[in-house]
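As structure tokens, the structure follows; a few thoughts come after it.
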Amino acid sequence: MLAHELHTLHALPPESHQQALLARVQSFIHHHLGDPDLSPQTVADAHHISLRRLQQVLAAAGTAPAALIRRKRLQQCHRALTDPGQSGRTIRTIAARWGFASQAHFTRLFRAAYGVPPGEFRASHSPSVREPASAVRD
């Protein structure tokens, strides 16, 4: 990263250049997760590399661009759904905050990743279990 800032990337060995590019790509993705237009192509364009080169860099790290974006977005939603400070936000709002334009798509991805739909997950991880209104007696 320092070489990038000092404009001396050309002096780095190829492995270091690859690692520096990987770190910049990961940082860019992290900072733009909430943008619904974030895509492998926008990441590649922001780094002035081809989509193929982006795929190669991330393949060396054991992932693919779209998979990394999806996984990071799901992790942020997962974290938000267990955060008591976000209990007042709807699942749709949380999903949109992290770049999911379609709630149905988000629900399918969340269920595939965590085994339950987001509403059920949130209910099972709520710090206070609420009794149904019909069970409350005066």
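The values are calculated or read from the model by the stated rules, or taken from the named source; none is laboratory data. Keep in mind it's a predicted model, so treat the numbers as computed, not measured. Don't worry about glycine lacking a Cβ; one is built from the backbone with ideal geometry, like all the others, and counts go over all protein chains shown. With ligands, DNA and RNA removed, areas are computed over all heavy atoms of the protein, side chains included. Shrake-Rupley method; radii C 1.70, N 1.55, O 1.52, S 1.80 Å.
Only residues of the stretch 75-104 count here: report those whose backbone N is under 19 Å from the spot 7 Å along Cα→Cβ of ARG111, or say none.
75, 77-78, 81, 91-96, 100-104
Using θ = phi - 60° and the Karplus curve 6.51 cos²θ - 1.76 cosθ + 1.60, what whole-Hz ³J(HN,Hα) does each residue of the stretch 101-112 get, with Gly and Pro shown as x?
3J(HN,Hα) across the stretch 101-112, in whole Hz: 7, 10, 5, 5, 4, 4, 4, 4, 5, 5, 4, 5.
Compute the accessible area per residue over the stretch 47-97, keeping the other protein chains in place, probe 1.4 Å, unit Å². Intermediate values should be presented prior to the final figure.
On the way: 2840 Å² over 51 residues.
Dividing the accessible area of the stretch 47-97 by its residue count gives 56 Å².
At 1.4 Å probe size, with the rest of the protein present, what percent of the exposed accessible area of the stretch 18-132 is carbon and sulfur atoms?
Working: 3410 of 6540 Å².
The C+S portion of the solvent-accessible surface of the stretch 18-132 is 52 percent.
Residues with beta-carbon under 11 Å from that of ILE29, excluding ILE29: net charge, scoring Lys, Arg +1 and Asp, Glu -1? Don't skip to the end; give the middle numbers.
On the way: positive: ARG24, ARG70, ARG71, LYS72, ARG73; negative: ASP35.
After counting each charged neighbour, the total is +4.
Based on the Cβ-Cβ distance of HIS30 and SER102, what FRET efficiency does E = 1/(1 + (r/R0)^6) give at R0 = 25 Å, to the nearest 0.05? Can you show the working numbers first?
Working: r = 22 Å, r/R0 = 0.89.
In this case the efficiency is close to 0.65.
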